[in-house]
Amino acid sequence: MKETAQAAPALAGAAAYTRPAARLLPSPTPESRAFWTGGRDGKLLIYRCRGCGHFLHPPGPACWRCRSTDVGPEAVSGRATVAAVTVNRQPWVPGLPPPYAVAMVELADEPDVRLVTNVVGVAPEEVRVGMEVEVFFEPWTPEGGSADDRIWLPLFRPVAAAGGTDGAW
Amino acid sequence: MSAAGGPFGGKAVITGAGKSQVGRRLGRTGLDLTIEAVTRAIADAGLSVDDIDGIASYPGPGVPDKGFSGADTHQVRNALGLRSRWYLSAMETAGQIGPAIEACMAVTLGLANHVVVFRSVWESTAQATAGGRASVLFGGGELPPHLEYVAPFGALSAVNWLAMPAQRYMHDFGLTREQLGAIALNARHNATLNPDAIYRTPLTMQDYLSARMISEPLCLYDCDVPCDGATAVVISRREAAAGLPRHPLTVESVGTGMFERATWDQRADLTTMAAHDAAATLWERTSLSPADVDVAQLYDGFSFLTVMWLEALGFCEHGRVGEFIEGGERIALTGSLPLNTSGGQLSGGRLHGMGFLHEACVQLWGEGGDRQVPGSPEIAVVGVGGGPVGGAMLLSTR
Ligand SMILES: [Zn+2]
């Protein structure tokens, strides 16, 4: 699972993010492949319903709101807001040492679509509800896999200009 | 107001309860513990194994997590040579007590006379023998579907998934760690009075506040303790229970609702859970109300889940649970709403839901010993599960 780090642009005053030695990787399904590989082109691909126009997550064969099956991946802006956060301090996975911030972020394009992710580039204790964040991608190759099997994990970091404040929720 | 007697018309009753040896790293098999609990429950009901014509359990076969399921229904049937007129195991149901609710339906419809319902775990022994925590959680290899969108980000455990709504609830409503700690301290105090509990040494608020963080804001004492053990109850058709030694406990209502998608992170309101839907359906099926409840057994796989159940069941307003539990007087054995009287899963051991139903029966039968709620409690509520898992039962001595 060794991979060269994809450099994230540096933010003024931000904590450096060091890519961990290991992560548990998903095995993409026909429905989730776009989500896990959109980062190849720098895109966060979220399923969208062409019947009602809303996004949905996790991806699936039908829209839970209007039940249309005319659904498929579409790029979103990659901007989101932290809805909840925890600093995990328990080691679960060898090669992924705590502490790290696990957050639910709500997409700017569809606030009731939440992604579970890591907010990095900031001290884990500094991540706040209401913090504005943006996506970047961390590529991984599964053990024993080839370049075709690569996946791009969508991680988030504070939006440089907006900064992060505990906003009016 | 629904019809008198609730959804089962008073026909579904609990006639016996049993518990196996409960402990850490017992080294016994899950089936061995299960048989001990099941046969004790049957004997407690004054029945013989041959009287049992139904069996039900959570979760049934096929769960990869080591120690999560001590035995499935057929293993128990085979071990005891049961002749079953009705049987079931289920995981996609109203929490870990869902099969007990199904058993109420079975006896009400006359599909069976006496159903033994069990839940068994051997998670403590599993963790001692498996290759690390991650391998216990999913057995290694390919990630199962429920972990696909969380495990890559190191959110491997339910403690991570529930710490986030707990943090959001604290952010929105000002619940403090000291207030949340009242749940853990209450459980520990009750456990000191329960000879079967795992952790029986007193716990102070200072101990709680200085404990190691697992996933903020949840510390070690906000998490339940994995154990080995099994619990069982016998649910009977009221007519078939005539002449049995115990006063039958009436199942007044059950909470089985689930109004949103079953996920840990997409519910519209992050500060509510499936517990709220289960609780809503519990009360719409009975003329009883929260004010009638004498004792509450509310799931504490994590302390924050008990908080969710307290407000879901209407014991306090949404967002106001902090002041309700602060100081712990209301939820103490001598308080207005005695809570988790056996020590819950936090201090009693993670019997995974069914331990709460067992303890509700013990309290209504007045057999709690040193931890017995004074004044002969007549109505008990049980709420189990967290996140997208939730089920509730309301029991009475009526
Ligand atoms: Zn739609």
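Please find, within the stretch B:254-286, the residue that is farthest from the other protein chains (Cβ to nearest Cβ) out of those that are under 18 Å from A:P58 (Cβ atoms) and small (G, A, S).
Let us first name the residues in the stretch B:254-286 that are under 18 Å from A:P58 (Cβ atoms), namely B:258, B:260-268, B:270, B:274.
So of that shortlist, the ones also small (G, A, S) come out as B:262, B:268, B:274.
Details: B:A262: 11, B:A268: 6, B:A274: 16 Å.
This residue is B:A274.
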> What are the residue pairs meeting all of these: first residue in the stretch B:239-250, first residue modelled with pLDDT of 95 or more, second residue open to solvent by less than 30 Å² (accessible area, probe 1.4 Å) and among the basic types (K, R), Cβ atoms under 6 Å, and 6 or more apart or on different chains?
Replying inline: none
> Residues of the stretch A:27-46 being more than 14 Å from the chain's Cα centre (by Cα) and within 16 Å of the ligand (Cβ to nearest atom), which ones?
Replying inline: A:E31
>> For the stretch B:227-251, which positions are open to solvent by 10 Å² or more (accessible area, probe 1.4 Å) and either touching a Gly at 6+ places or on another chain (Cβ under 6 Å) or within 14 Å of chain A (Cβ to nearest Cβ) (or both)?
In response: B:L244, B:P245
> Residue check: is A:P98 within 12 Å of chain B (Cβ to nearest Cβ), at pLDDT 95 or above and within 16 Å of the ligand (Cβ to nearest atom)?
Replying inline: no
>> Tally up the residues in the stretch B:57-85 that are modelled with pLDDT of 95 or more and open to solvent by 40 Å² or more (accessible area, probe 1.4 Å), please.
In response: 9
>> Looking at the stretch B:341-359, can you tell me whether even one residue there is open to solvent by 10 Å² or more (accessible area, probe 1.4 Å) and touching a Pro at 6+ places or on another chain (Cβ under 8 Å)?
In response: yes
>> Please go through the stretch A:59-76 and give me each residue that is open to solvent by less than 40 Å² (accessible area, probe 1.4 Å) and either within 8 Å of the ligand (Cβ to nearest atom) or away from chain B (no Cβ under 12 Å) (or both), ordered by number.
In response: A:C63, A:S68, A:V71, A:G72, A:V76
>> Any residue that is under 30 Å from B:A296 (Cα atoms), over 24 Å from the mean Cα position of the chain (by Cα) and either facing chain A (nearest Cβ under 8 Å) or modelled with pLDDT of 95 or more (or both) - is there at least one of those in the stretch B:125-144?
In response: no
>> Condition first: at the interface with chain B (Cβ under 7 Å from one of its Cβ atoms) and β-branched (V, I, T). Now tell me which residues in the stretch A:82-95 satisfy that.
In response: A:V85, A:T86, A:V87, A:V93
> When you look at A:R79, is it within 16 Å of the ligand (Cβ to nearest atom) and more than 10 Å from chain B (Cβ to nearest Cβ), yes or no?
Replying inline: no
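For the stretch A:101-112, name all the residues that are at pLDDT 95 or above, surrounded by fewer than 22 Cβ atoms within 10 Å (Cβ to Cβ) and at the interface with chain B (Cβ under 10 Å from one of its Cβ atoms). First the steps, then the outcome.
Kept after step one, since they are at pLDDT 95 or above, are these residues of the stretch A:101-112: A:101-110.
When the remaining residues are screened for being surrounded by fewer than 22 Cβ atoms within 10 Å (Cβ to Cβ), the result is A:106-110.
Listed by number, the list holds a single entry, A:E106.
The values are calculated or read from the model by the stated rules, or taken from the named source; none is laboratory data. Bear in mind the structure is a predicted one, so any value in this text is a computation, not a measurement. Note: ideal-geometry Cβ built from the backbone for every residue, glycine included; neighbour counts use all protein chains shown. When the accessible area is computed, the model is the full protein with side chains, heavy atoms only, and any ligands, DNA or RNA have been set aside. Shrake-Rupley method; radii C 1.70, N 1.55, O 1.52, S 1.80 Å.
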